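Novice: Mind looking over this structure? Questions follow.
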Amino acid sequence: MEQKKLKVYPYLIDEKRMAGYYEMLLEDKYKMKIFDKKKDKALYDYFMPTMREYLFWSYNLGLKEEFEEYENLKNDLKSAICSRYTCNVFIKNDSEVVCFNTGVCFAITDDKKVLNKLTKYEDIQKMEEINLRSEDAYELKDGKEEHKYSYILQLYKLVYLNKINKELQNPNLFDKARNDFVEFTQKVYTVQETDKDKYNEELKEKLNLEEKYIKTENQFDLLYKNNKLNENLMTKRFLIILFVVFIIIGVINLGNWLG
């Protein structure tokens, strides 16, 4: 029998609203997916420790006492805990939601009603603002659990690079975007995902991630140099104006003294 192919839909949420969005999911009967080192051993072994910690913090809830403590919390407290971590996975029936703390989310579902409920018009606008089609869906042809999350991870890089690229062009967001880009490079882009196969490398090539990363890096360097140049020009202009003011004051004082 042919294996069902999953569709992955990316969308954006305001990163300041993530705790509220998690609470909305929990109120809508989504459950945070708790990963277990025994039941999900193949997934645990597939990812390298740093990337595993980045994607699946709930492995740390493997102990019965810790799990029960989390489960007994109210939804607002659960969502507040989730918002402290870089990535969270929620499930409800056959649908799954993966969200990163940067506001980049993915819905894995074949139900359009579920998708419409998970996304809002303003969030669709955000996708178009970063030059991605809001209606695009990515088909996951490989049914392995570890490859599903690998695919989402590489799609995350694609969407986030577009987001950073857009924010770098906004002078008011440049400093934040610069810091975010450095953090993304250190904690995600340059981190080895696995040593088990070449699937992630194949996805990076398919999605042209290296080309997109280099373009973003080049734009960052260019804008950073331009900003520094503008800062230097502003400083020079300020010093010149200050110098002229001192001369005028000196001339006035000299006139008063001679008078």
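Novice: Using a 1.4 angstrom probe and counting only protein chains, how large is the accessible area of Glu129 in Å², to 10?
Specialist: Its heavy atoms expose roughly 110 Å² to the probe.
Novice: State the Kirkwood hydrodynamic radius of the stretch 102-163 in Å, one decimal place, computed from all pairs of distinct Cα atoms.
Specialist: 12.7 Å
Novice: If you bin every alpha carbon distance in the stretch 14-103 into 10 Å steps from zero, what whole percent lands in each bin?
Specialist: Result returned by the calculation: 16, 50, 31, 2.
Novice: Using DSSP to define loop residues, name the trypsin sites (Lys or Arg not before Pro) in the stretch 162-219 whose beta-carbon has at most 14 other beta-carbon atoms within 10 Å.
Specialist: Lys196, Lys198
Novice: Based on the Cα gyration tensor of the stretch 131-228, what are the three equivalent ellipsoid semi-axes, each the root of five times an eigenvalue, rounded to whole Å and given largest first?
Specialist: For the stretch 131-228, the ellipsoid semi-axes come out as 28, 15, 11 Å.
The values are calculated or read from the model by the stated rules, or taken from the named source; none is laboratory data. Just so we're clear, the structure is a prediction, and the values are computed from it rather than from any experiment. Methodologically, a virtual Cβ is constructed for each residue, glycine included, from the backbone with ideal geometry; neighbour enumeration extends over all protein chains shown. What goes into the accessible areas is simple: the full protein's heavy atoms, side chains included, and nothing from ligands, DNA or RNA. Shrake-Rupley method; radii C 1.70, N 1.55, O 1.52, S 1.80 Å.
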